[in-house]
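Reviewing the structure listed below.
The values are calculated or read from the model by the stated rules, or taken from the named source; none is laboratory data. Predicted model only: the values in this text are computed from it and were never measured. Every residue, glycine as well, gets a Cβ built from its backbone with ideal geometry; the counts of neighbours run over all protein chains shown. Keep in mind that these areas ignore ligands, DNA and RNA; they rest on the heavy atoms of the full protein, side chains included. Shrake-Rupley method; radii C 1.70, N 1.55, O 1.52, S 1.80 Å.
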Amino acid sequence: MMMMTTGELWTTLGSTAGTIMVVWAMFRQYIPYDIREYLIKYGHQFMSFLSPYIEITFQEYTDDFFEGRNNVYTTIEAYLISHSSNFAKRLKADAGPNDRNLVFSMDDYEEVTDEFQGVKLWWSSNKNVPMSSSITFYPGSDEKRYYKLKFHKRHRELITSSYLNHVREEGKAVGVRNRQRKLYTNNKSDDWYRYRGSVWSHVVFEHPATFQTLAMDPVKKKEIVDDLITFSKSKEYYKKIGKAWKRGYLLYGPPGTGKSSMIAAMANFLDYDIYDLELTTVKDNTELRKLLIEISSKSVVVIEDIDCSLDLTGQRRDKKKSKEEKEKKEGEAEVATAIKKEKEKAKDEESKVTLSGLLNFIDGLWSACGGERLIVFTTNHVDQLDPALTRRGRMDKHIEMSYCNYEGFKVLAKNYLDLESHPLFNTIHGLMDETQITPADVAENLMPKSLGDNCKECLEALIRALQVAKKETKPKAENTEE
Ligand SMILES: Nc1ncnc2c1ncn2[C@@H]1O[C@H](COP(=O)(O)OP(=O)(O)OP(=O)(O)O)[C@@H](O)[C@H]1O
Ligand SMILES: [Mg+2]
């Protein structure tokens, strides 16, 4: 028997590798492209005929333009996060929830094994780098990542039915546990490319508002909290009655009464993401639909100041028309045309989302995508909205956020000053009943202005503000009576 020394072994290996490279170079150089393709294709088929393994790939992005990141890919990623960090040797680290800890996932071209009911399988993460020589401005944006699952032919049935379901379920659970809640906003249509095809960009959502810190009528508050709890537990119920699992809220009231804070409190309470939809930058209904499709479940979709976002109100359009007519009548034809041109130009640039597009968004066929979703509209002028928008069924619940009363003040005093009672509370109680002051104003006055300020000074500042507000409220009330 011949024994090779280590040196000889290296020489043999080296020369074999050399031969392979020469053959490969000749193959590429002398065999025409068509035949090469042909050989590679049938080579693959031949190999897979011989191989006892089945491979399934899961792409990060599908070919469908409408679809965003593939859900299956995301759940597998989450599943592998919980598995691969123990087995894989090359890991990618990302900041985890709340930036406190790192979350590890498999790096590209890494392989891990998994076991399911005694069956062994292999997961690998790969990417396709496009061969094109074009230079892109955003490197990496064309790379296509995918996961590959390999297992023995024998277990086809088990894997495709039970195992993959198990992966998806566990992945979803891990995803929800690990996710850092996000605040999304829609990109302007011309800078979509920055976000790998996604029409939303996001930041971490960290608003501290909760229902405890929200000053409002306690009965109303409880009603809203109960409503949210019922909603979040009603998946089966919505299915039974044949409705999309979503709920619409209309928050209305003067500025500074806590509408935006309420939305943050809702999202924090239900552990949902927020999608802040800026309608004025949405070009048209088609774009609205694209945005809608990418909204995941467990989210609050917010359209703030709906009356300002769109020319939705019949009244306002009429006002515009009559204004134009007036201008014409006055004979200032030149000025009028100039104004008109300007308006047309502005109109071209402004959003073309229509009321019907928006209604479709709320309760049309498109609204059912995603599920488990709150849609919240806010406005300062509820009376100016088109009745089509505010009718029951569209906005399931109308919530009025109004001026601060004594109950509200007590919540704020507890939050801001840690006070449950104080001799000055009585004076404040009396003044509160007679004045209209927003919670934002009360809050502002309760904040210590300098380091040395104590509770008494803050309360006195509030009393002064209340007295000023009282003077302002009185003439207003008289005017309205007249
Ligand atoms: N009901 C409230 N409870 C506690 N804090 C409040 C409340 N309302 C307002 N505030 C305080 O006032 C600030 C402004 O409130 P917020 O932005 O929620 O008002 P808004 O109703 O959304 O106003 P706008 O109509 O101008 O958007 C908040 O930062 C919050 O601290
Ligand atoms: Mg607001």
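For the reader, a short list of remarks on this structure follows.
- Radius 10 Å from Cβ of Pro52, net charge of other residues (Lys, Arg +1; Asp, Glu -1): +2
- Full extension of the chain between Ser450 and Lys283 gives 55.4 nm of extra length, using 0.36 nm per residue less the Cα-Cα distance.
- Cβ crowding within 10 Å averaged over residues, with 403-415, 223-235, 263-275 ranked highest first: 263-275, 403-415, 223-235
- Most tightly packed first, judged by the mean number of other beta-carbon atoms within 10 Å of their residues, the peptides 76-83, 236-243 read 76-83, 236-243.
- Kirkwood hydrodynamic radius of the range 406-481, from inverse mean 1/r over distinct Cα pairs, in Å: 12.8 Å
- For the range 405-477, accessible area per residue (1.4 Å probe, heavy atoms of protein chains only), Å²: 58 Å²
- Inverse of mean 1/r across different Cα pairs in the range 210-270, Kirkwood, Å: 12.8 Å
- Pairwise FRET efficiency - Gln436 versus Arg145, Cβ, R0 = 51 Å, nearest 0.05: 0.35
- Added length on full extension, which subtracts the Cα-Cα distance from 0.36 nm per residue, His398 to Ile40: 122.4 nm
- For peptides 147-157, 284-294, sequence by mean Cβ density within 10 Å, most packed first: 284-294, 147-157
- Considering every alpha-carbon pair of the range 144-288, the percent of pairs per 5 Å bin, from zero through the bin containing the longest distance, is 2, 7, 11, 13, 15, 16, 14, 10, 6, 4, 2, 1, 0, 0.
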